[in-house]
Amino acid sequence: MLSVTNNIGRTSKRTEAHCTAPSSFSWRQRVQLFNQLAGLAIAWVISIVGTLILLFLIDKVIGPRVSPDQEAAGLELSQHNEEGYDLNS
C-alpha cells in the first residue's frame with residue numbers, strides 16, 4: 001500500500017496497481033507529443049518556404065553578382081585582382 005497526501009491534507013491509501021509505470025504513455029501525452037511534432041513540422045515548412053521565397057526575390061531583383069566566367073577564373077582575381085595563395089614560391 002502507498003500512502004499519498006493530497007493538497008488539502010487528506011491521506012488516501014492506494015495499491016501499487018493504481019500507479020502508472022513511467023514508461024507508458026497516456027492518451028493525453030500522445031496527443032501532446034503529436035501537437036509538438038506538428039508544430040515542429042510547421043515551423044520547418046514555414047522557414048524553408050520563406051527562405052526559398054527570399055532567395056527567389058533576391059535573385060530577380062539583384063541577380064547573380066558575378067558571371068560564370070568570373071567565377072570560373074576565381075573571385076580573388078576577378079573581383080579583387082589578388083591571388084588567394086602564392087603557390088609558385
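We did not get these values from a lab; they are worked out from the coordinates using the rules stated. Values in this document were obtained by computation on a predicted structure and should not be read as measured data. Counting neighbours? That spans all protein chains shown, and the Cβs are built from the backbone with ideal geometry, glycine included.
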Problem - Dipole moment magnitude, nearest 20 debye, region 24-80 about Cα centre, only Lys, Arg, Asp, Glu C-beta charged - result: 580 debye
Practice task
When a/c is below 1.5 the answer is rounded, else prolate if a/b is larger than b/c, else oblate, so apply that to region 24-80 with a ≥ b ≥ c taken from the square roots of the Cα gyration tensor eigenvalues.
Solution key: prolate
